[in-house]
Number of protein chains: 2
Amino acid sequence: MGFGMATNLVKRSLVVTGFDVYPPTLTRFVAEGGSSAPTPRETVQGAKHVVFMVATAAQILSALFDEETGAIHTLVPDATLILCSTGPPEYTPNVRKLLDEKYARKDVKVVDAPVSGGTIRAADGTLTILASGPEDALAAARPILDVMAGSNLYIIPGGLGAGTKVKMVHQVLAGIHLLMASEAMGFAAALGLDTKKVFELVKASEGTSWMFENRTPHMLVDDKRIYSALNIIVKDIAIVTAGGRSAEFPLFLASTTEQVLASGVSAGYGLEDDAKLVKVYLPQNPSLVLTQASSAASSEIDAAKLKLIVQMMSAVHLVSTMEAMSLGAKVGLDAQQLFEIISTAAGTSWMFKDRAPQLLSGNWTSKKTVDDVIAELTESIEAANLLKYPLHLSGTAFQLLQLASLKGLGKQPDVAVSKLWEGPEGRLFRSKA
Amino acid sequence: MGFGMATNLVKRSLVVTGFDVYPPTLTRFVAEGGSSAPTPRETVQGAKHVVFMVATAAQILSALFDEETGAIHTLVPDATLILCSTGPPEYTPNVRKLLDEKYARKDVKVVDAPVSGGTIRAADGTLTILASGPEDALAAARPILDVMAGSNLYIIPGGLGAGTKVKMVHQVLAGIHLLMASEAMGFAAALGLDTKKVFELVKASEGTSWMFENRTPHMLVDDKRIYSALNIIVKDIAIVTAGGRSAEFPLFLASTTEQVLASGVSAGYGLEDDAKLVKVYLPQNPSLVLTQASSAASSEIDAAKLKLIVQMMSAVHLVSTMEAMSLGAKVGLDAQQLFEIISTAAGTSWMFKDRAPQLLSGNWTSKKTVDDVIAELTESIEAANLLKYPLHLSGTAFQLLQLASLKGLGKQPDVAVSKLWEGPEGRLFRSKA
C-alpha cells in the first residue's frame, strides 16, 4: 500500500523520498521517479511532510524513535507527521507525548490518519482516510491527504486518536460480519442447501452485509488465492477487544469473534484467506460449502431452511449494530458521522443501514419486537442443535436478546436491545422522542 | 445403570421383572435372580412399582405409550411410575397429562426421579436421586427410592418436574466446569507450564472444581478409556439451553459451552472421553497437555503464569455460580436446598461453595470487587491473546463482568455480578441486608 501511495504522490508532481524494509520495493519506487534512502533518519531529512504507511503502531514507534535510525533525529522544525497505521486509540496521543516530553519537539505536528482501501486505491489516490488531530496539524497535512484520498477523506472531530476510534468501531462490525458469513454459509451447507443459491437469495435479503457479499464468493469457488489473510483480521479484532477493555465496555460479539478467529489460527489457518474460516465450522468436511454450490440455475430451495439462515444473520447484525454504535458513543464519537462513514464501508449491513438511524434518532419504527427476534432465532438455534452445528455468534446474540427481554424490553422494538449497553446515566444517543 | 439398579433391588429381596432392548443384559439379570420379559407391556404386568431407568424422555414415552408394546396397556390400578431419565423440565408433567387425558389413568401415580452416580452406585443402592411429585406418589414410591438411593435421596418440593429442574441447574455448572477444565489445562500447556504440577496446584486453589479434579487426571495420562463420552454431556447441556429458552432466561456461559461442545462433536470427538475436549483448544498439538506433564516431583513452576490459570478459573466459576443459581431461582426452586445438593455433587467448585451462600444470604462478604476480578481476568486474556489461544468461557465471563461494571456494579463485591440476571422486579434471592 505504501508503494502505491508514494507513487501516486510522485505522479501528482510531489517530491518524495521513500523508505521500505524490503529493498526491491525501493528499487521499483526509484524507477517510478521517486528517491530512496537507507533509513527513516535519512529519508525524512528536509521533509515538511512525513507519511508513515506501516501496519502497526509498533512499527511507527520504531521508524520514528529508533535510537540509531529513527526519523526523530533529523525532523525539520514544524514538520507534519501523518500516521497511517491501525493501532489502539491511545497510540497517537502516546506519540504526541513522547514528542513533547521525551524529545521536546512541540513544534512537530501530528495527524492520526488510519487508512483503508487496499493497494489499487492507494495508487489511484482514492484511499479512505479517517483523519483527526489539532486544527493546525490537519491544515498542514491537508494538501497531502487530499492527494492520497480525494473525496474519500473524512475529517473526524475529537482530536488526536479520533480517526483511529472510528476505524476501531468499524472493525467491530467488519470482524463480526466476516465471521458471520462463515457461520451462516457453513450452516446452509450443513442443512443440505445449495450454497450458491443461498448466497444469491441472502444477498437480496435483510440478512446481507458488505462482508457477506464480498467474502462468500471466495467460499464458492475452488480458489487458493489469498484476498486477505486471516491473521490481518485477527490483528484488527485484537485492537477492538483491547479498546473495549480500555473503555471498560462489554463487546460480546466482538469477543466471541476473537475467540473463534483464535481457534482458526490455532488450527493453522492464519496465513490462509479469511473466507476459509468456514473450515472452523465444518472441521470434518471443510469444503462442504464449495461442494454444495450447484451450478444448476433452476435449482429449487427449501424456503423454511433459507429462512433459518436469513433470520440468524439479521439477528446477529441487529445486535452487532447496537454493540458497535454503543462503543462509538462511549468513546465520544459523533454518532451521525460514524453512521455515515460505516454505512458506505466494509462494516455495513442491511440491518445496520436500517436500524442504526433509528437508534440515533430515537425514533424506533422497527416493526419487530425483541421477543419477535428471539422467536425467530430460536428456530435457527434449535435446527443447529439437532445437527450439532456450532452457532458461536448467533448463540451469543440470542443470550443478549434474552437478557434484554429479561430486563423488560421484550415488547419494545428490536432496537431496544441497545439499552443493554447503557450505563446508570442512561441513554447514549440523542432522542427525538 | 439399569442392570445395577435392578440387581440391587433383587438383592434386597424385592421381586423384579426386567426389560432391556439389549437381550444379553436380561440374561445376566436372570442369572442374578431376576425375571425378564420381552416387552415393557409384559414386564409391568401385576407390578405396583415401575422404574424407568432410561437415557432420554423420548425413551420413556416409547416404553410407556407405544401402541403395541407400551406398559400403559397392562398397568395395574394405582401403579406408581418412577421416571429416572434426564429430560427437559416439562417432560414429566407431559407424561401426567397424557395419562390423565389420553389414557384416562388418573389412578396411576408418577414420580419425577432423575438420578446420577453411575453403574457402581446403582448396584450399591447409593444413587443420588432428586425425587419430586405429589405427596401420595412420593409416599408410594418411597420404599423403592430408599432401596435405590439410601441416604442420597433428596425430596424436592415444587411438584412434578422439580427434581428435573434441580438436575438441570446442576448440569449448568457441571457442563461449564467440564469445559473450563479443558480451557484452563490447554492454556497451561500453551503457556509452557508443567501440566501435572498445574493440576496439583490448581486443585489446592480457589480455581478448583469437582469437574476439574475428576477430569484433568484423564488428560494427564495416555489413556484411551472412555469414562464419560462427550455426546452425553452434549445431550445434558442441550437440555440446559432448551430450559433457558423455555424459561426465557439468558445462560451465557452454558450457551458458550454448548457451542464449543458442538465444535468438538463436529470435529469427530463425540464418542471419545469428554476430557479429550482439550483437543478443541489445541487442534495442532492435541496431546500437548499430556506431553507437558512432567514426572519430575521437584519441578519449579512460574508463579505468575500459574496465577493466570487460577484467576481465569475462579472468575468463570464465580460467573457460573451466579448464572446457575439465578436460573434455579427463576424456575422456582428452593435456593437453599439447591445449594446443599449441588455443593456436594459434580457441579460444585471452590467458588460455588464460597460465593453461593453469600448470594443467598445477601451478606456479600467477598473482599474482591467486580472491578478486581476484571483486572485479574484482563491479565489472563491478554496473555492468551498473545498466544492466539482461544478463551471461549473466560472471554464470555469477562464481557459479563464488564457489563456489570458498566451498570454501576464495579465497586461492589464480586457477587454483584448476579444482578445481571435480575428482571425489573429486582432481587431473585432473599436478602438479610
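The values are calculated or read from the model by the stated rules, or taken from the named source; none is laboratory data. Bear in mind that the values here come from a model prediction, so they are computed numbers and not experimental data. Cβ placement follows ideal geometry from the backbone for every residue including glycine, while neighbour counts extend to all protein chains displayed.
Below is a table of values for the structure above.
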| item | result |
| --- | --- |
| Residue among B:Lys368, B:Lys353 that alone is more than 13 Å from every other protein chain (Cβ to nearest Cβ), farther than 21 Å from B:Leu251 by Cα and modelled with pLDDT of 95 or more | B:Lys368 |
| Any chance B:Val260 is closer than 29 Å to A:Ser287 by Cβ, without any contact (Cβ under 8 Å) to a residue 40 or more places away in the chain and either surrounded by fewer than 20 Cβ atoms within 10 Å (Cβ to Cβ) or not polar (S, T, N, Q) (or both) | no |
| Test: A:Thr128 is crowded, with 19+ Cβ neighbours inside 10 Å, modelled with pLDDT under 95 and touching a Gly at 6+ places or on another chain (Cβ under 8 Å) | yes |
| The listed residue being under 24 Å from B:Leu306 (Cα atoms) and small (Gly, Ala, Ser), out of B:Ala140, B:Ala174 | B:Ala174 |
| Selection count where residues are surrounded by fewer than 19 Cβ atoms within 10 Å (Cβ to Cβ) and free of Cβ contacts under 8 Å to residues at least 24 places away in the same chain, scope the stretch B:328-384 | 8 |
| Filter result for the condition that a residue is within 22 Å of B:Thr164 (Cα to Cα) and assigned by TED's automatic domain parsing to the domain that holds B:Pro134, over B:Leu98, B:Leu14 | B:Leu98 |
| Single residue of A:Thr80, A:Thr86 found to be buried (at least 19 other Cβ atoms within 10 Å of the Cβ), β-branched (Val, Ile, Thr) and modelled with pLDDT under 95 | A:Thr86 |
| Qualifying residue in the stretch A:151-158 (condition: buried (at least 21 other Cβ atoms within 10 Å of the Cβ), among the aliphatic types (A, V, I, L, M) and within 17 Å of A:Arg215 (Cα to Cα)) | no |
| Where A:Asp334 falls short, out of the listed (1) within 14 Å of chain B (Cβ to nearest Cβ); (2) more than 20 Å from A:Met180 (Cβ to Cβ); (3) of a type in the set (D, E, K, R) | (1) |
| Leading residue by the ranking (farthest from B:Arg12 (Cα to Cα)) among those in the stretch B:123-174 that are of a type outside the set (A, V, I, L, M) and part of a loop (DSSP other than H, G, I, E, B) | B:Gly158 |
| Selection status of B:Thr43, polar (S, T, N, Q) and in contact with a strand residue (DSSP E or B) (Cβ under 7 Å, 6 or more places away or on another chain) | yes |
| Qualifying positions in the stretch A:14-46 - farther than 22 Å from A:Ala79 by Cβ and either in contact with a Cys (Cβ under 6 Å, 6 or more places away or on another chain) or in a helix (DSSP H, G or I) (or both) | A:Pro23, A:Pro24, A:Thr25, A:Thr27, A:Arg28, A:Val30, A:Ala31 |
| Pick from the stretch B:196-221, criterion of a type in the set (S, T, N, Q) and surrounded by fewer than 22 Cβ atoms within 10 Å (Cβ to Cβ), ranking: nearest to B:Asp302 (Cα to Cα) | B:Ser205 |
| Test for B:Ile60: is it touching a His at 6+ places or on another chain (Cβ under 7 Å), surrounded by 21 or more Cβ atoms within 10 Å (Cβ to Cβ) and under 28 Å from B:Lys165 (Cβ atoms) | no |
| Scan of the stretch A:19-57 for residues that are surrounded by 13 or more Cβ atoms within 10 Å (Cβ to Cβ) and among the polar types (S, T, N, Q), ordered by number | A:Thr25, A:Ser35, A:Ser36, A:Thr39, A:Thr43, A:Gln45, A:Thr56 |
| Spans of helices (runs of 4 or more DSSP H) in the stretch B:195-300 with at least 3 residues within 9 Å of chain A (Cβ to nearest Cβ) | B:230-246, B:252-266 |
| Those residues of the stretch B:385-399 which are more than 8 Å from chain A (Cβ to nearest Cβ) and buried (at least 24 other Cβ atoms within 10 Å of the Cβ), in sequence order | B:Leu393, B:Ser394, B:Ala397 |
| Among residues of the stretch B:316-334, those that are part of a helix (DSSP H, G or I) and either out of contact with any helix residue (DSSP H, G or I) (no Cβ under 8 Å at 6 or more places or on another chain) or under 16 Å from B:Ser132 (Cβ atoms) (or both), counted | 1 |
| Selected residue (only one of A:Ile341, A:Ile309 is in the same structural domain as A:Ile381 (by TED's automatic domain parsing), touching a strand residue (DSSP E or B) at 6+ places or on another chain (Cβ under 8 Å), assigned to a helix (DSSP H, G or I) and more than 20 Å from A:Phe252 (Cα to Cα)) | A:Ile341 |
| Tally, over the stretch B:102-117, of residues that are surrounded by fewer than 23 Cβ atoms within 10 Å (Cβ to Cβ) and within 21 Å of B:Glu340 (Cβ to Cβ) | 2 |
| When residues of the stretch B:400-419 are limited to those that are without any contact (Cβ under 8 Å) to a residue 24 or more places away in the chain and either facing chain A (nearest Cβ under 8 Å) or of a type in the set (Val, Ile, Thr) (or both), the one surrounded by the fewest Cβ atoms within 10 Å (Cβ to Cβ) | B:Gly408 |
| Members of the stretch B:135-149 found to be crowded, with 21+ Cβ neighbours inside 10 Å, closer than 18 Å to B:Arg121 by Cα and free of Cβ contacts under 8 Å to residues at least 60 places away in the same chain, listed by number | B:Ala149 |
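This table checks each residue for (1) assigned to a helix (DSSP H, G or I); (2) touching a Lys or Arg at 6+ places or on another chain (Cβ under 9 Å).
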residue: B:Leu81; (1), (2): no, yes
residue: B:Pro88; (1), (2): no, no
residue: B:Glu101; (1), (2): yes, no
residue: B:Asp107; (1), (2): no, no
residue: B:Thr119; (1), (2): yes, no
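This table checks each residue for (1) touching a Phe, Trp or Tyr at 6+ places or on another chain (Cβ under 9 Å); (2) without any contact (Cβ under 8 Å) to a residue 40 or more places away in the chain.
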position: A:Val10; (1), (2): yes, yes
position: A:Leu14; (1), (2): no, no
position: A:Asp20; (1), (2): yes, yes
position: A:Ala31; (1), (2): no, yes
position: A:Ala37; (1), (2): yes, yes
position: A:Phe65; (1), (2): yes, yes
position: A:Ser85; (1), (2): yes, yes
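Each row is one residue, and each column tells you yes or no for (1) hydrophobic (A, V, I, L, M, F, W, C); (2) farther than 30 Å from B:Ser151 by Cβ.
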residue	(1), (2)
B:Gln284	no, yes
B:Leu288	yes, yes
B:Leu327	yes, no
B:Gln337	no, no
B:Ile341	yes, no
B:Thr365	no, yes
B:Asp371	no, yes
B:Ile374	yes, yes
